[in-house]
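Below you'll find the structure, written out as structure tokens, and then a few comments.
The values are calculated or read from the model by the stated rules, or taken from the named source; none is laboratory data. Computed from a prediction, not measured in an experiment: that's the story for all the values here. Because the Cβ atoms are built from the backbone with ideal geometry, glycine has one as well, and the counts that use them run over all protein chains shown.
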Amino acid sequence: MDDGSDQPPDRRTDPGTDRETDPGTGLPAAGPAPATAPLSVLSRRALLGSAGAGLVAGAAAGVAGGAVLSRSAPHPGAAPPRSGGPASPGAGRVPFHGPRQAGILDPQQARVHLAAFDLAAGVSRDGLRELLKRWSRTAARLAAGEPAEAAENQIALDAGPCSLTVTFGFGATLFDRAGLTDRRPPGLEPLPDFPEDALDRARSDGDLLVQICADDALVAFHALRVLQRQVVGTAAARWQMSGFSRTPGATERPMTGRNLMGQIDGTNNPKPGEPSFESRVFCGSGQPDWLAGGSYLVFRRIRMLLDNWENLPVDRQERVIGRRKSDGAPLSGGSETTAVDLGAQGPDGALTIPADAHIRVAAPQSNGGAAMLRRGFSYHDGLLADGSQDAGLLFLAFQADPRHGFVPVQRKLSRGDSLSRFLRHEASGLYAVPPGAPEGGYVGQTLLEG
Ligand code: HEM
């Protein structure tokens with residue numbers, strides 16, 4: 001077991017800590033690195049300092065880039081504020097501490113790792129508490145661009161925090177294993193089997209889920225590896241998956257991202273500020289007190305049958321979704337952000353958005369108001385034995401209660417969605433996502449000490 005003794009090397013000592021903090025950004029104010037310091041000894045904090053200077057200049061010029069992201073940042077479908085700016089993407093910093101866990105409301109990063117773990121036999125509630133404390137400390141340090149206290153491997157030595165977020169979730173099985181059966185929340189009842197599911201149980205579920213997102217592949221892998229090494233003796237890796245999404249700044253202007261089918265994906269997500277947003281995404285009444293302000297995360301690994309899809313003419317692809325491929329506008333008219341008119345009819349009286357179009361079948365109006373915040377990432381794992389691409393969507397959706405969110409919607413989609421002909425659900429997970437930790441606290445504290 002890692003006892004925390006492998007301290008970071010001295011050369012990670014932060015030359016930027018004696019700098020003043022910029023009052024506007026909270027970042028270390030700009031200033032030259034010590035003249036004698038070779039590049040290799042500049043810490044990630046020092047890089048952050050210089051990138052922060054670029055941010056201040058950029059902000060003055062009306063460009064939002066490299067900002068310290070707040071937890072009230074726009075929904076994933078909205079324009080990410082840091083896109084297109086001149087500041088280094090390495091400077092983006094999302095605080096770990098706060099009422100919500102990071103990685104739910106923050107603009108989507110370029111990379112994701114999902115890692116599920118099962119507690120080792122005999123690990124008690126105390127062992128779980130120590131692990132969550134260790135993980136929370138580490139996540140907070142890495143999100144600030146600092147090295148880990150234990151299991152540091154220097155993979156991200158030269159990089160800024162790159163908007164790293166780490167989000168922790170608890171699977172249903174955790175509660176029995178850790179002697180917490182009476183605290184299991186009601187929304188963690190197992191997801192039903194849906195028609196056409198082809199789930200690999202070895203790549204599903206898990207006692208603990210860690211979602212790691214960052215705008216840089218090395219920074220994301222660093223966090224994965226460090227957190228993974230910190231579980232030794234307490235838990236064992238169950239499965240891991242990796243995904244990606246568009247790199248911030250890749251498009252001329254901030255835009256909603258596309259999935260591997262080429263569709264603009266994320267437009268009609270619930271948006272912060274809408275009256276129902278909180279009650280759709282975050283837990284309130286009807287859930288245990290320890291989960292107040294938390295959420296539930298549904299994960300599905302959904303392989304896309306890309307050969308079949310790409311052989312379909314674009315106008316038919318658009319009828320499968322109910323939106324134009326080029327700009328994401330609903331087939332009922334307007335632009336991407338125009339409200340969908342599910343009643344619209346063509347001159348022949350036929351529905352403009354077909355009866356089995358994905359956006360009709362999935363819409364809250366078709367499911368008694370059921371809604372969720374989708375924050376999925378694409379994945380690509382090479383070729384399958386038949387030569388087809390092993391590629392698709394790591395579907396990730398946060399919601400106040402899956403029994404009134406994912407479950408009814410997926411039940412309907414699995415029966416009546418024409419998109420499902422091009423998809424295979426291959427893995428699945430459901431996790432309670434506790435609220436965020438205050439400074440000095442840890443994620444899961446409300447469960448273990450409440
Ligand atoms: C690979 C699988 C999937 C693909 C490629 C896909 C793609 C899309 C696209 C392109 C849109 C329209 C743009 C938008 O509003 O985001 C959309 C909307 C939506 N999707 Fe999916 N989706 C997939 C799976 C799912 C699943 C599994 C669910 C939930 C069980 C779901 C729920 C929704 C919802 C709720 C909307 C918004 C509908 C509305 O109110 O207009 N999707 N999806």
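The figures follow:
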read-out	value
Residue satisfying all of: in the stretch 274-313; closer than 23 Å to Asp207 by Cβ and basic (Lys, Arg); nearest to the ligand (Cβ to nearest atom) among these	Arg300
Top-ranked residue in the stretch 401-450 [being in a helix (DSSP H, G or I) and among the polar types (S, T, N, Q); ranked as surrounded by the most Cβ atoms within 10 Å (Cβ to Cβ)]	Gln410
Lys271, sole failed condition from (1) touching a Phe, Trp or Tyr at 6+ places or on another chain (Cβ under 7 Å); (2) of a type in the set (D, E, K, R); (3) away from the ligand (no atom under 16 Å from the Cβ)	(3)
Residue satisfying condition, being hydrophobic (A, V, I, L, M, F, W, C) and more than 10 Å from the ligand (Cβ to nearest atom), within set Leu413, Leu430, Leu393	Leu430
Options Arg316, Arg360; residue that is away from the ligand (no atom under 13 Å from the Cβ), part of a helix (DSSP H, G or I) and free of Cβ contacts under 8 Å to residues at least 40 places away in the same chain	Arg316
Given (1) under 22 Å from Gln240 (Cα atoms); (2) in a loop (DSSP other than H, G, I, E, B), index of the condition Pro195 fails	(1)
Meets criteria (more than 10 Å from the ligand (Cβ to nearest atom), modelled with pLDDT under 95 and over 27 Å from Ser414 (Cβ atoms)) for Ser326	no
Close pairs (9 angstrom Cβ cut-off, 6 or more residues apart or separate chains): within 17 Å of Tyr379 (Cα to Cα) and within 16 Å of the ligand (Cβ to nearest atom) in the stretch 244-257, of a type in the set (A, V, I, L, M, F, W, C) and part of a loop (DSSP other than H, G, I, E, B) anywhere	Phe244/Ala110; Ser245/Ala110; Arg246/Ala110; Arg246/Met255
Subset of the stretch 263-284 that is more than 20 Å from the chain's Cα centre (by Cα) and in contact (Cβ under 8 Å) with a residue 60 or more places away in the chain - its residue that is farthest from Gly92 (Cα to Cα)	Gly284
First in the stretch 154-173 and on the phi > 0 side of the Ramachandran plot and crowded, with 24+ Cβ neighbours inside 10 Å, second anywhere and assigned to a loop (DSSP other than H, G, I, E, B) and among the polar types (S, T, N, Q), Cβ under 6 Å, 6 or more apart	Ser163/Gln109
Count of residues meeting criterion [assigned to a loop (DSSP other than H, G, I, E, B) and hydrophobic (A, V, I, L, M, F, W, C)] in the stretch 108-166	14
Selection within the stretch 319-357 - crowded, with 16+ Cβ neighbours inside 10 Å and assigned to a strand (DSSP E or B)	Arg323, Pro330, Leu351
Which numbered condition Leu199 fails, given (1) buried (at least 18 other Cβ atoms within 10 Å of the Cβ); (2) over 30 Å from Leu305 (Cα atoms)	(2)
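Residues checked against (1) in a helix (DSSP H, G or I); (2) touching a Ser or Thr at 6+ places or on another chain (Cβ under 9 Å); (3) modelled with pLDDT under 95:
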{"site": "Leu209", "(1), (2), (3)": "no, yes, no"}
{"site": "Ala220", "(1), (2), (3)": "yes, yes, no"}
{"site": "Leu224", "(1), (2), (3)": "yes, yes, no"}
{"site": "Val232", "(1), (2), (3)": "no, no, yes"}
{"site": "Ala236", "(1), (2), (3)": "no, no, no"}
{"site": "Trp239", "(1), (2), (3)": "no, yes, no"}
{"site": "Gly249", "(1), (2), (3)": "no, yes, yes"}
{"site": "Arg253", "(1), (2), (3)": "no, yes, yes"}
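This table checks each residue for (1) in contact with a Lys or Arg (Cβ under 7 Å, 6 or more places away or on another chain); (2) modelled with pLDDT of 95 or more; (3) hydrophobic (A, V, I, L, M, F, W, C).
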residue	(1), (2), (3)
Arg375	no, yes, no
Leu384	no, yes, yes
Phe395	yes, yes, yes
Gln399	yes, yes, no
Arg403	no, yes, no
Pro408	no, yes, no
Leu419	no, yes, yes
Pro435	yes, yes, no
Glu439	no, yes, no
